[in-house]
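The structure appears below as structure tokens.
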Amino acid sequence: MARNTPQSRDEPPAGAQDPQVRSRLIEQLFRQHNDKLVSFLHARLRSQAEANEVAQEAYVRMLELDKPGLVSFQRAYLFRIASNLAVDRLRKRIVREHATARELLKDWLSAPATDQRLLAEEEVGRLQQALAKLPAKTQEVFQRHFLDGETLQEIAAQLALTDRMVRYHLARALAHCRLKLERGS
């Protein structure tokens, strides 16, 4: 005989697979526990800004769970995620403190921020459009030199051109691309 009993802590919330329900559950977690979570993280990280960032990332991770209904103790799981993120942040801080400036610059350049990546992708698209408007020979010389890494002498030999003509095609391509990128067209 089935009874209408309150949902046990071990059962996933009804509709937890639905993204809207999941969002509401995370929102409820946020309202009920965010201050405690941020305080917990601030005690570990000794930085209010980092505590806020890590808390936000923990909520994002909760939203990204494939099967959020399987996590029956969501508050505990949220704090576990946040704790793991804080430990990662502390490890990175230690590495940064001991790393040389050159190593840091290399890491920064190898992992650009999302907005930088988007701008770079947009700029690459404009560059491809600009190159497409050039004569085929000029495009080929540009690609071989800048993308494939061939020397001017190698290009000249393979395309039966003089070094001077290879430089001419490169200069033409660079001037055209620079003009298009500066104009934003």
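No lab work stands behind these numbers, since they all come straight from the coordinates. Computed from a predicted structure; not experimentally measured. We place every Cβ from the backbone using ideal geometry, glycine too, and count neighbours over all the protein chains shown.
Stretched out fully, how many nm does the piece from Arg91 to Gln56 gain, at 0.36 nm a residue minus the Cα gap?
10.7 nm
His42: net charge of surrounding residues, Cβ under 14 Å, Lys/Arg +1, Asp/Glu -1, itself excluded?
+1
Work through the residues other than Ile81 whose Cβ is under 10 Å from its Cβ and net out their charges, Lys, Arg +1 and Asp, Glu -1.
With Lys, Arg at +1 and Asp, Glu at -1, the net is +1.
Within the range 81-96, list the residues whose amide N lies under 16 Å from a label point set 7 Å along Cα→Cβ of Leu65.
81-85
What number comes out for the charge environment of Glu154, summing +1 per Lys or Arg and -1 per Asp or Glu over other residues with Cβ under 10 Å away?
Residues near Glu154 contribute -1 overall.
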